[in-house]
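Chemist: Encoded as structure tokens, here's the structure I'll be asking about.
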Amino acid sequence: MAARTSNPTTRFVGLDSWERQIKAAQAMPADLRLTFQQARVDGRLPFDDASVDVAYSNNLLECIADKTAFLREVAGVLRPGGQVLFAHWDWDSQIFDGSDKALVRKLIHTFADWQQPWMEHSDPWMGRRLWGAFQETGDFDGEVLTRVLTNITYAEPWYGHREVQDLGELVKHGLVSAEPPPTATSTVSPATSTKAAARLNSPPTVSLPLSNPALPVP
Ligand SMILES: C[S@@+](CC[C@H](N)C(=O)[O-])C[C@H]1O[C@@H](n2cnc3c(N)ncnc32)[C@H](O)[C@@H]1O
């Protein structure tokens, strides 16, 4: 967002409750218009009422327990005519190619249902529920834009490649066994933390539906 505007008076404030994320953001090339704060966003937001022009969020809402209360707070800090752009993957409808269909399906669903250690809440269907969450508040009007990201290159730094590495985390955390079932006929290499992902190493395409509504406040 900052790169898209050269206005020197625009201020961007990034919030996250996780210190690691804040440190990573602060390590980005300096832009004096940007500040980052380690703060929870459920509860009071650190902004005056009606003081914010645009609220942007990516893949946050699934982590928030009371989505309605949070979104009402967002509406409260937006100035009249302000806008929100909230995007969220729908984790359970990711599509990967691979030689073993049953394994690919299992990995997708196990990953989607995995509440990772850093998450207080999770919802793999948040993408498809995004619009409903906003409607629940009665405070927003706008539209839902659904995007499908298709990666045709399976390599760093493509998003789908990174996602497949995340599937490998399921093995590390003991949620999926890297050992093939006794009857399996697929060619699988021995177990390590990345082997579940390794079995997917052939896929050239990864498609991820993304519900990405831009919801201007009336
Ligand atoms: C899936 S990550 C998305 C990170 C980043 N927005 C992105 O798109 O890469 C979700 C982020 O929400 C943060 N988060 C979860 N619950 C939060 C809360 N209550 N207040 C502030 N941040 C929270 C987590 O620390 C995590 O960094």
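Each reported figure results from applying straightforward, stated rules to the coordinates on display, with no laboratory input. Because the structure is predicted, anything quoted here is derived from the model rather than measured. Here the Cβ positions follow ideal geometry from the backbone for every residue, glycine too, while neighbour counts run over all protein chains shown.
Chemist: Starting from the stretch 1-100, pick out the trypsin sites (Lys or Arg not before Pro) whose DSSP state is loop and whose Cβ has at most 15 other Cβ atoms within 10 Å.
Modeler: When the trypsin sites (Lys or Arg not before Pro) of the stretch 1-100 are filtered for loop state and at most 15 Cβ neighbours within 10 Å, Arg11, Arg33, Arg40, Arg44 remain.
Chemist: Further question: Can you return the aspartates and glutamates within cross-link range of Lys23? Criterion is Cα-Cα under 20 Å, with same-chain partners fewer than 8 residues away left out.
Modeler: Cross-link targets: Asp31.
Chemist: Over the residues of the stretch 77-133, compute the C-alpha Rg and express it relative to 2.2 N^0.38 Å.
Modeler: 1.52
Chemist: For the stretch 40-201, build the convex hull from the C-alpha positions and give me its volume per residue in Å³.
Modeler: Given the Cα convex hull of the stretch 40-201, per-residue volume reads 130 Å³.
Chemist: Now for a separate question. Can you bin the stretch 23-90 into rounded, prolate or oblate? Criterion: square roots of the alpha carbon gyration tensor eigenvalues sorted a ≥ b ≥ c, rounded for a/c under 1.5, prolate for a/b above b/c, oblate for the rest.
Modeler: oblate
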